[in-house]
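Quick note: the coordinates plus some simple rules give every number you see, no bench work behind them. Being a predicted model, the structure only gives us computed values, none of them experimental. Counting neighbours? That spans all protein chains shown, and the Cβs are built from the backbone with ideal geometry, glycine included.
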Amino acid sequence: MRRAVVLLSGGLDSTTCLSVAVAEGYEVYPLSFDYGQRNKKELESAKQVAKYFKIKEHKIVKIGNVGGSALTDMKIDVPDYKGLPSIPVTYVPARNIIFLSYAAGYAEVLDAEAIFIGVNAVDYSGYPDCRPEFIEAFQKAINVGTKNGVNGKPVRIHTPLLNLSKAEIIKLACENNAPLHLTTTCYKGGEKACGVCDSCVLRLKGFKEAGIVDAIEYMD
Ligand SMILES: [Zn+2]
């Protein structure tokens, strides 16, 4: 069976991405990172999502916290949504470079032919490592920097959500029966989602546009 490593944060996009890989018939190997994120619920969600899909092996890797982000440094506040600046303080330095590097190594060990990552360049926070030019550049690095790459069968990065709006992602998730009720989106890490950070606002807007009710709990 064809194998795929799927980066799974426990959020809406990565959970949808996992559902796409499953629907495409891959044997999936979800990969999550404990990188010092403020919202610990995220990893709990990732575990529940993996369980929902009856995944045999869900790898959770603890890596050092590089800091420098509102999502990993408790001294930097998560701002409420005020329209998106070019690169907000919730940007985590080089996060997808770090995650994809690990995924490329793990994929080579598994002899997986695909890495799925739920990056999106439409309804997103402006992070540079979510853009198509970054993914293309990283694919080139895999092609020349891995054994399978130089042997002519590099693992391919799949980005099924790249050009979808949040509403389209939510509809796709529903078609694939992805458990969006188990996902965690909020940047703040409270018991309930705040409803006012960039991530909550994009999620709520997406559900509204899709005409679907969001089953997670929000603060008033
Ligand atoms: Zn929030």
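Taking Cα atoms, how many degrees apart are the long axis of helix 12-23 and the longest axis of the chain, rounded to 10 and kept between 0 and 90? In the chain, helix 12-23 runs at an angle near 40 degrees to the longest axis. Taking the longest Cα principal axis of the chain as reference, the axis of helix 132-145 is set at about 30 degrees. Helix 41-52 and the long axis of the chain differ in direction by around 60°, with both axes built from C-alpha atoms.
Residues whose amide H comes within less than 5 Å of that of C197, counting only those at least five positions distant or on another chain, are Y81 (H built at 1.01 Å from N in the peptide plane).
When each of C186, C194 is scored by the number of other beta-carbon atoms lying within 10 Å, the sequence from fewest to most is C194, C186.
Beyond a 19 Å Cα-Cα separation, which of these cross-linked pairs lie in this structure: K56/K166; K54/K188; K41/K188? Beyond 19 Å: K56/K166; K54/K188. Around the amide H of I157, modelled in the peptide plane, lie the amide H atoms of I115, all under 5 Å away and 5 or more residues distant in sequence or on another chain. Here's the picture: charge each Lys and Arg Cβ at +1 and each Asp and Glu Cβ at -1 in the chain, and of I142, Y52, T159 the one pushed furthest to the positive end of that dipole is I142.
Charge dipole of the stretch 49-131 (Cα centre as origin; +1 on each Lys and Arg Cβ, -1 on each Asp and Glu Cβ, all else neutral): 240 debye, rounded to the nearest 20. Annotation: amide H of V6 within the under-5 Å range of Y29, L31, F116, sequence separation 5 or more or interchain, hydrogens built in the peptide plane. Simple point charges give the picture: +1 on the Cβ of Lys and Arg, -1 on the Cβ of Asp and Glu, and for the chain a dipole about the Cα centre of about 380 debye. Checking the Cα-Cα distances for K75/K205; K40/K147; K51/K192; K82/K208 against a 26 Å cut-off, the pairs over it are K75/K205; K40/K147.
Of the residues D123, D220, the one with the fewest other Cβ atoms within 10 Å heads the list, and the complete ranking is D220, D123. Counting only DSSP beta bridges whose two residues both lie in the stretch 3-210, roughly 5 percent are antiparallel.
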